[in-house]
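Enquirer: Please read through the structure below; I'll follow up with questions.
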Amino acid sequence: MQDCEYEKSLFRAIEILSPKAITLSDDLAANPELGNREFKSSKRHVELLQEAGFEIEYPFDGIETAFRARKGKGNTKVALLVEYDALPDIGHACGHNVSGAMSTLAGLSLATVIDEFNGEIQVIGTPAEETAGAKVAMSKDGIFDDLDLALMVHSNGGASFVCYESLAMDALEFNFTGKASHAASSPWAGRNALNGVQLLFHAIDMLRQHVLPEVRMHGVISGGGEVPNIVPERAVARFYFRATKRSILNEVVRKAQNCARGAALATETEVRWENFEPSFDEMIPNSPAEEAMEEIMRKLGVELSISSGPRGSSDIGNVSHRCPALQPMLAITSEPLALHTREFAKATTSEEAHKAIVTGAKALAVVALRMFIDEDLRKAVRKAFETTKSEATERA
């Protein structure tokens, strides 16, 4: 069978199976589940993959709502990543119901041809992208280390592009400890932990003048005392720090920690800090894989834009430090809706979103197919990964 015949076979399978994927996506939209609590969502994906003859590990890697489905045997290994967590109150406002359906649909189509190649297709369920980021733990555990490519398509509003960029991110919680006292009769006997937190915010605001423009520092006070007539003996602030490179972020965090030390010293309180969520690394690009995806998406009729640069952080960045990785953004609505809005959540069940599931699945399936067939592409993708990973390590 020629390459084009394989593609036709994949497309026929996708068209036949697409109603199941669309139903899956819409069901998840109607029944959103938060990160690490996606019990029904993950099970729905697993059930479809089981029907297609995949070997299933579920739960997977010590995570209750994670899974890995495998089919085929051979040296070349490609993984399709599946996300399915929603956001509090606003449901699937990041479109994981749609993007996850794309990956599973692509996997179902590849299951029909994989036995003809010296390769293995994996579909990996990766919970809690919005919070703890299961891909972080999976990366540390070596789940992606032997892959030739890990990829998924992420939903977007209004624009599609292939060269996804993300910011490295650290999530730090600062705990200030002071001394309680009556705020009216003996305030001098207390040490105000909330003052330490307030001073930390002022110090970080002043730090903004001395960091690169693309650095992001944003925080909230998550604890600041109970009642006004007691000097707060404990106060807590949570911050996200982001930068384009891990090496830059490490320096920003060092300065922020000095801000905390200074705030504690000035208020005669004590401070300690720790991560309240796992750290995300920046996305390492892979030009050969991106060029292949761009060609495929254009042939599928997708109008591609140029990425506007990194706007957030994702655990796919950690995957890209362990194996070649790809995460294009595909518009599921012609209207430029922002992610994490109620409007975007509503759009995930539209006819445009349903069409995007089919288009995204076709793009994923063809890229995976080419990785199985084209040895030159595999070598180019691997070489690019090793080069960019080495550069990122040196910068860190």
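The values are calculated or read from the model by the stated rules, or taken from the named source; none is laboratory data. Note that the structure is a prediction, hence the values are computed from the model and not measured. Note that each Cβ is placed from the backbone with ideal geometry, even for glycine, and that neighbours are counted across all protein chains shown.
Enquirer: Could you list all residues from segment 47-80 that are closer than 11 Å to residue 108 by Cα and in a helix (DSSP H, G or I)?
Expert: 48, 49, 50, 51
Enquirer: Now for a separate question. Yes or no: segment 144-166 includes at least one residue that is closer than 18 Å to residue 58 by Cα and not hydroxyl-bearing (Ser, Thr, Tyr). Spell out how you get there, then give the answer.
Expert: Let us first name the residues in segment 144-166 that are closer than 18 Å to residue 58 by Cα, namely 144.
Then keep just the ones that are not hydroxyl-bearing (Ser, Thr, Tyr); that gives 144.
Among the residues of segment 144-166, at least one is closer than 18 Å to residue 58 by Cα and not hydroxyl-bearing (Ser, Thr, Tyr), which makes the answer yes.
Enquirer: Residues in segment 100-113 that are buried (at least 24 other Cβ atoms within 10 Å of the Cβ) and over 27 Å from the mean Cα position of the chain (by Cα): how many? Quick ask: steps written out before the conclusion?
Expert: The initial filter retains those residues of segment 100-113 that are buried (at least 24 other Cβ atoms within 10 Å of the Cβ), namely 100-110.
Pick out the ones that are also over 27 Å from the mean Cα position of the chain (by Cα) and you get none.
Number satisfying all stated conditions: 0.
Enquirer: Something else now. Within the set of pairs 6+ apart or on separate chains, which have a first residue in segment 11-38 that is assigned to a helix (DSSP H, G or I), a second that is of a type in the set (Gly, Ala, Ser) and at pLDDT 95 or above, and C-beta atoms under 6 Å apart?
Expert: If the second residue must be of a type in the set (Gly, Ala, Ser) and at pLDDT 95 or above, the pairs left are 13/109; 14/109; 14/361; 21/101; 24/101; 25/101; 28/41.
Enquirer: Is there a residue in segment 167-175 that is among the polar types (S, T, N, Q), buried (at least 16 other Cβ atoms within 10 Å of the Cβ), in contact (Cβ under 8 Å) with a residue 24 or more places away in the chain and closer than 15 Å to residue 275 by Cα? Let's see the steps before the verdict.
Expert: Keep residues of segment 167-175 that are among the polar types (S, T, N, Q), which gives 175.
Now restrict to residues that are buried (at least 16 other Cβ atoms within 10 Å of the Cβ): 175.
Still in the running and in contact (Cβ under 8 Å) with a residue 24 or more places away in the chain: 175.
Now drop any that are not closer than 15 Å to residue 275 by Cα, which leaves 175.
The answer is yes, given that some residue of segment 167-175 is among the polar types (S, T, N, Q), buried (at least 16 other Cβ atoms within 10 Å of the Cβ), in contact (Cβ under 8 Å) with a residue 24 or more places away in the chain and closer than 15 Å to residue 275 by Cα.
Enquirer: Collect the residues in segment 214-232 that are more than 20 Å from residue 181 (Cβ to Cβ) and at pLDDT 95 or above, keeping them in residue-number order.
Expert: Step one: of segment 214-232, the residues more than 20 Å from residue 181 (Cβ to Cβ) are 214-222.
Passing the criteria: 215, 216, 217, 218, 219, 220, 221, 222.
Enquirer: Considering only segment 167-209, how many residues are under 29 Å from residue 314 (Cβ atoms), part of a strand (DSSP E or B) and either in contact with a Leu (Cβ under 9 Å, 6 or more places away or on another chain) or modelled with pLDDT under 95 (or both)?
Expert: Of segment 167-209, the ones under 29 Å from residue 314 (Cβ atoms) are 167-175, 197, 200-201, 203-205, 207-209.
Next, from what is left, pick out any that are part of a strand (DSSP E or B): 168-175.
So of that shortlist, the ones also either in contact with a Leu (Cβ under 9 Å, 6 or more places away or on another chain) or modelled with pLDDT under 95 (or both) come out as 168-170, 174.
Total satisfying the criteria: 4.
Enquirer: Could you list all residues from segment 224-248 that are touching a helix residue (DSSP H, G or I) at 6+ places or on another chain (Cβ under 9 Å), under 28 Å from residue 314 (Cβ atoms) and not in a loop (DSSP other than H, G, I, E, B)?
Expert: Residues of segment 224-248 touching a helix residue (DSSP H, G or I) at 6+ places or on another chain (Cβ under 9 Å): 224-225, 231-237, 239, 241-243, 245-248.
Of the ones still in play, those that are also under 28 Å from residue 314 (Cβ atoms) are 236-237, 239, 241-243, 245-248.
Of everything in segment 224-248, those that are touching a helix residue (DSSP H, G or I) at 6+ places or on another chain (Cβ under 9 Å), under 28 Å from residue 314 (Cβ atoms) and not in a loop (DSSP other than H, G, I, E, B) turn out to be 236, 237, 239, 241, 242, 243, 246, 247, 248.
Enquirer: For segment 68-100, which residues satisfy the criterion of being in contact with a His (Cβ under 8 Å, 6 or more places away or on another chain) and either under 11 Å from residue 41 (Cβ atoms) or outside the structural domain of residue 331 (by TED's automatic domain parsing) (or both)?
Expert: 82, 83, 84, 85, 86, 100
Enquirer: Across segment 107-134, which residue is modelled with the lowest pLDDT among those that are under 19 Å from residue 92 (Cα atoms) and touching a Phe, Trp or Tyr at 6+ places or on another chain (Cβ under 8 Å)?
Expert: The initial filter retains those residues of segment 107-134 that are under 19 Å from residue 92 (Cα atoms), namely 125-134.
With touching a Phe, Trp or Tyr at 6+ places or on another chain (Cβ under 8 Å) added as a condition, the list becomes 125, 127, 133.
Working: 125: 98, 127: 98, 133: 95.
Filtering segment 107-134 for residues that are under 19 Å from residue 92 (Cα atoms) and touching a Phe, Trp or Tyr at 6+ places or on another chain (Cβ under 8 Å), the one modelled with the lowest pLDDT comes out as 133.
Enquirer: Look through segment 375-394, keep the residues that are crowded, with 16+ Cβ neighbours inside 10 Å and among the small types (Gly, Ala, Ser), and return whichever of them is farthest from residue 147 (Cα to Cα).
Expert: Among them, the one singled out is 392.
Enquirer: Restricting attention to segment 76-99, report how many residues are buried (at least 24 other Cβ atoms within 10 Å of the Cβ) and polar (S, T, N, Q).
Expert: 2
Enquirer: Related question: Among the numbered conditions (1) modelled with pLDDT of 95 or more; (2) farther than 18 Å from residue 349 by Cβ; (3) among the aliphatic types (A, V, I, L, M), tell me where residue 28 comes up short.
Expert: (2)
Enquirer: Within segment 272-279, is even one residue more than 21 Å from residue 137 (Cβ to Cβ) and loosely packed, with under 14 Cβ neighbours inside 10 Å?
Expert: Yes, that holds for at least one residue.
Enquirer: When you go through (1) touching a Leu at 6+ places or on another chain (Cβ under 9 Å); (2) without any contact (Cβ under 8 Å) to a residue 60 or more places away in the chain one by one for residue 360, which number turns out not to apply?
Expert: (2)
Enquirer: What are the pairs with Cβ atoms under 7 angstrom where one residue, in segment 319-337, is assigned by TED's automatic domain parsing to the domain that holds residue 307 and the other, located anywhere, is surrounded by fewer than 23 Cβ atoms within 10 Å (Cβ to Cβ) and polar (S, T, N, Q)? Sequence gap at least six, or different chains.
Expert: Here the result reads 329/160; 330/160; 330/359; 331/160; 333/350, each pair linking segment 319-337 to a residue that is surrounded by fewer than 23 Cβ atoms within 10 Å (Cβ to Cβ) and polar (S, T, N, Q).
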